[in-house]
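The values are calculated or read from the model by the stated rules, or taken from the named source; none is laboratory data. A quick note: this is a predicted structure, and the numbers were derived from the prediction, not measured. Backbone-built Cβ (ideal geometry, glycine too); neighbour counts: all protein chains shown. We work out accessible area using only protein heavy atoms, side chains counted, and drop any ligands, DNA or RNA first. Shrake-Rupley method; radii C 1.70, N 1.55, O 1.52, S 1.80 Å.
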Amino acid sequence: MNGRLSALDDSFLAVENASAHMHVGWAATFQPPEGRPAPGFDELRDHIASRLPRAPRYRQRIAPVPFGLNAPIWVDDERFDVSRHVLASSATSFPDLVDSCMSTQLRRDRPLWQICVAERLDDGRIGVVGKAHHCMVDGIAAVELASLLLDPTPRPPPEESDGWRPRQSPGAARRLLGGILDLVREEASLLRYPARFVRSPRRLLTEPLSRAGMALAESMRPAEPREPVNQPITGARHLAWFRRPLDELKRIGRPYGASVNDVLLAASAGGMRHFLLERERDPVALKTMVPVNVRDAGSDTEFGNRISFVFVDLPCDEPDPIRRLQNIRFAMAERKESGLPEGGDTVMAMLKYMPRTAQHAVSRMIASPKTFNLTVSNIPGPREPMYMLGRSRTCSLSERCLRSSEP
């Protein structure tokens, strides 16, 4: 299952630093059933290990190309040990468990994932937090991969075994040659573009490039104000959450033709308005990055990233919550109808034809805190009750509330 990181996947490595951890994650608690002993850490670790045949990428690490001539490739980790990835935590509260796990970066010399397990929280539940680097999975895939550890019934199926043995990793010379050959292939595919353009100029140039230009211009538009939201941060992360029934969110949006995502964005605008007022600042619109899933139907467990981005100004300056929701709905609909998600996807696809140093420069500009104030995303979790070793999931927080990538 070797493969080269795409330009988008590679960009998530490039923009990571000590204060911007580029991992995504999920967290859940499990209630031990009455009358049965709760599983210990070793049992939970072995259970997770038995599910790894379902996710081959979780036993692979990245291997760089010499001189940085091309993006890294995925290779089997010859020293793979599940004990380096499934760790016991002494945390006794769920927030402390999440904070401690999400505040540390993943090591790049091993597969880029980790699961932290607290076998006894102070309320008797089992706490589990998982994280994976954004170069490996996006939010949709992260939640789907979490479900690989879970079952729809209290009785788990028999353990799986694939007799996995790591394949020998290619040496530096072979990685260099492979990187050069892939660059040549990419240049050859670019040279074939004029012939396709002659056959269908509007479809292959006018529309995609127009959308890409609009998406790039929007992403580079400076974010204002810089204070109090765009401030230097540390690597520490803290979890905060609130609960609302999904049916309630749907009911709020229905009279206005608004989606659940629109309702969440409007609620975020209201929250940020309160945040600014508490700090005696005049509420203003805040430029917000909204990730958009561009995966094909049926490919939710595809590895790598299949996301694009749109930018919307959260109407924090609007005091009326209904008008905030209507403004958000119109703004998101306008961006989708103009093809901005597809335009952003085209921008990232075009990056692969640029020198890698230029790719990273563009990625850093787009991810810079100078270009947006906030990130808000809605990632759906499992819709049905789920179990781990017969223990029911009692609370689940999906990817974006735990993401720690943007300053």
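Can we say Arg329 is more than 15 Å from Arg221 (Cβ to Cβ), of a type outside the set (A, V, I, L, M, F, W, C) and surrounded by fewer than 21 Cβ atoms within 10 Å (Cβ to Cβ)? Answer is yes for this residue. Within region 352-365, being among the aliphatic types (A, V, I, L, M) and surrounded by fewer than 20 Cβ atoms within 10 Å (Cβ to Cβ) holds for Met354, Ala358, Ala361, Met365.
When every residue of region 235-249 is checked against the conditions, at least one turns out to be within 29 Å of Arg356 (Cβ to Cβ), modelled with pLDDT of 75 or more, under 22 Å from the mean Cα position of the chain (by Cα) and assigned to a loop (DSSP other than H, G, I, E, B).
Every residue, every condition in (1) in contact with a helix residue (DSSP H, G or I) (Cβ under 7 Å, 6 or more places away or on another chain); (2) at pLDDT below 90, yes or no:
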site	(1), (2)
Ala7	yes, yes
Glu16	no, no
Met22	yes, no
Pro32	no, yes
Pro37	no, yes
Gln60	no, no
Pro64	no, no
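Within region 100-114, residues that are free of Cβ contacts under 8 Å to residues at least 24 places away in the same chain reach partners that are assigned to a loop (DSSP other than H, G, I, E, B) and not hydroxyl-bearing (Ser, Thr, Tyr) with beta carbons closer than 9 Å, at six or more positions or on different chains, in the pairs Ser100/Ala91. You will find that of Val128, Val117, the residue that is part of a strand (DSSP E or B), under 30 Å from Val292 (Cβ atoms), touching a Phe, Trp or Tyr at 6+ places or on another chain (Cβ under 9 Å) and touching a residue at least 24 places away in the same chain (Cβ under 8 Å) is Val128 and no other. Here Tyr256 passes the criteria (1) closer than 15 Å to Asp320 by Cα; (2) modelled with pLDDT under 95; (3) of a type in the set (Phe, Trp, Tyr) except the one numbered (2). Output the residue which, of all residues in region 275-296 that are open to solvent by 50 Å² or more (accessible area, probe 1.4 Å) and either part of a strand (DSSP E or B) or modelled with pLDDT under 65 (or both), is nearest to Val347 (Cα to Cα). Here the residue is Asn293.
The single residue among Pro64, Pro56 that is of a type outside the set (Ser, Thr, Tyr) and surrounded by 15 or more Cβ atoms within 10 Å (Cβ to Cβ) turns out to be Pro64.
Can you tell me which residue among Ala55, Ala28, Ala71 is touching a Ser or Thr at 6+ places or on another chain (Cβ under 9 Å), modelled with pLDDT under 90 and farther than 15 Å from Cys116 by Cα?
Details: Ala28 fails: farther than 15 Å from Cys116 by Cα; Ala71 fails: modelled with pLDDT under 90.
Exactly one of Ala55, Ala28, Ala71 is touching a Ser or Thr at 6+ places or on another chain (Cβ under 9 Å), modelled with pLDDT under 90 and farther than 15 Å from Cys116 by Cα, namely Ala55.
For (1) modelled with pLDDT of 95 or more; (2) surrounded by fewer than 22 Cβ atoms within 10 Å (Cβ to Cβ); (3) of a type in the set (Val, Ile, Thr), each residue gets a yes or a no:
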position: Leu106; (1), (2), (3): yes, yes, no
position: Asp123; (1), (2), (3): no, yes, no
position: Val128; (1), (2), (3): no, no, yes
position: Glu144; (1), (2), (3): no, yes, no
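The number of residues in region 69-91 being in contact with a Gly (Cβ under 9 Å, 6 or more places away or on another chain) and open to solvent by 60 Å² or more (accessible area, probe 1.4 Å) comes to 1.
Summed over region 92-104, residues that are among the β-branched types (Val, Ile, Thr) and buried (at least 18 other Cβ atoms within 10 Å of the Cβ) total 1. Within region 39-48, being out of contact with any helix residue (DSSP H, G or I) (no Cβ under 9 Å at 6 or more places or on another chain) and crowded, with 20+ Cβ neighbours inside 10 Å holds for one residue alone: Leu44.
Taken together, the criteria place Ala132 among residues that are within 30 Å of Glu186 (Cα to Cα) and of a type in the set (Gly, Ala, Ser).
Among the residues of region 366-381, those that are at pLDDT below 85 and either over 26 Å from Leu249 (Cβ atoms) or surrounded by fewer than 18 Cβ atoms within 10 Å (Cβ to Cβ) (or both) comprise Ile366, Ala367, Ser368, Pro369, Lys370, Pro380, Gly381. Of the residues making up region 180-192, one or more are modelled with pLDDT of 75 or more, charged (D, E, K, R), within 30 Å of Phe80 (Cβ to Cβ) and surrounded by 11 or more Cβ atoms within 10 Å (Cβ to Cβ). Residues in region 361-392 that are closer than 21 Å to Asp138 by Cα, of a type in the set (Gly, Ala, Ser) and in contact (Cβ under 8 Å) with a residue 40 or more places away in the chain: Ser363, Ala367, Ser377, Gly381.
Would you say Met348 is surrounded by 20 or more Cβ atoms within 10 Å (Cβ to Cβ) and under 30 Å from Gly124 (Cα atoms)? Let's see the steps before the verdict.
Values: surrounded by 20 or more Cβ atoms within 10 Å (Cβ to Cβ): yes; under 30 Å from Gly124 (Cα atoms): no.
No, not satisfied.
A Cβ distance below 7 Å, combined with a sequence gap of six or more or placement on separate chains, defines the contacts here; from region 253-269, residues that are at negative phi and assigned to a helix (DSSP H, G or I) reach residues that are crowded, with 22+ Cβ neighbours inside 10 Å and among the acidic types (Asp, Glu) in the pairs Gly253/Asp262.
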